[in-house]
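What follows is a short report on a single structure.
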Amino acid sequence: MASRGLFIVFEGLDRSGKTTQAKELVKTINQKSAEAGNPNPAAIIMNFPDRQSVIGKLIDQYLKKEIDLDEHSLHLMFSADRFLKNQMIRESVANGIDVICDRYCYSGVAYSLAKGLPETWVRSSDVGLPKPDAVLFFDVSPEVAAKRGGFGQERLETSEMQKKVAAVMPTLRDDAFWKTVNADGDMETVEKEVFRIYEQLDRQKPFESLEKI
Ligand code: FDM
Ligand code: MG
């Protein structure tokens, strides 16, 4: 029987390179698969929030400061946006397709805790989502991140928010499936590191759901 796909989440601060590297990993997997004669895509990219989904469109407006939203409501929208992809992730994995995901519930929890929402409540709304085979935490030093350019214009792109998120994110770490990627290196070095981790992941173990975050 063909093996299942992997579900891999990229997390990290802004300018850690996670978006670039997530796209790059998908490209590499699909290239290698095509070279091996496989006509179908072997990996797909997913981003959270998905700014095109019904819920993601509202989140996008909030991030662009076009609308204001109650922070509890926003937290649940980010979760709901992920649950919209629940079936798609599970079906892709079952069909042998790797799902590479740029941000997931760990961003959800980190940003909401940084804003001061109640911890138990914040950590509960993503329970039941597909559990990643690996969370690659892109660890970038503040100096290197600063060299990569300034912040954008969006609501959460402030140094104050980044500092708070930087303090919370590592506390969400679960050694069972989190792996730290040194994101200070150049693109090719990081790319190799990511692919090395990817190749070592186990497709034989059962695909699970998140019981806690
Ligand atoms: N963000 C992202 C959250 O606050 N909660 C979430 O659940 C997720 C997935 O939204 F500032 C924040 C993190 C970031 C913004 O921006 C999304 P990007 O640059 O598109 O990742
Ligand atoms: Mg961003």
Quiz item: Do any helices (runs of 4 or more DSSP H) lying entirely in the stretch 54-119 carry at least 1 residues that are within 10 Å of ligand 1 (Cβ to nearest atom), and which ones are they?
Solution: 54-63, 71-83, 105-114
Exercise. Sort through LYS205, LYS115 and tell me the only one that's under 30 Å from LEU58 (Cα atoms) and either at pLDDT 95 or above or crowded, with 17+ Cβ neighbours inside 10 Å (or both).
Key: LYS115
Quiz item: Which of the residues belonging to the stretch 12-64 are among the small types (Gly, Ala, Ser) and under 20 Å from ALA166 (Cβ atoms)?
Solution: GLY12, SER16, GLY17, ALA22
Quiz item: Is there any pair linking a residue in the stretch 198-212 that is over 23 Å from PHE83 (Cβ atoms) to one that is loosely packed, with under 11 Cβ neighbours inside 10 Å, with Cβ under 8 Å and at least six apart or on different chains, and which?
Solution: ARG203/SER3; GLN204/SER3
Quiz item: Somewhere in the stretch 167-175, is a residue touching a Leu at 6+ places or on another chain (Cβ under 7 Å), outside any loop (DSSP other than H, G, I, E, B) and farther than 20 Å from LEU13 by Cα?
Solution: no
Exercise. Restrict the check to the stretch 121-130 and report whether at least one residue is within 16 Å of the chain's Cα centre (by Cα), in a strand (DSSP E or B) and within 17 Å of ARG15 (Cβ to Cβ).
Key: no
Quiz prompt | Top-ranked residue of the stretch 59-96 - restricted to ones that are in contact with a strand residue (DSSP E or B) (Cβ under 6 Å, 6 or more places away or on another chain) and among the aliphatic types (A, V, I, L, M), ranked as surrounded by the fewest Cβ atoms within 10 Å (Cβ to Cβ) | solution = VAL93
Quiz item: Can THR171 be described as β-branched (Val, Ile, Thr) and closer than 29 Å to ARG90 by Cα?
Solution: yes
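The values are calculated or read from the model by the stated rules, or taken from the named source; none is laboratory data. Predicted model, so just to flag it, every value in this text is computed and none were measured. Note: ideal-geometry Cβ built from the backbone for every residue, glycine included; neighbour counts use all protein chains shown.
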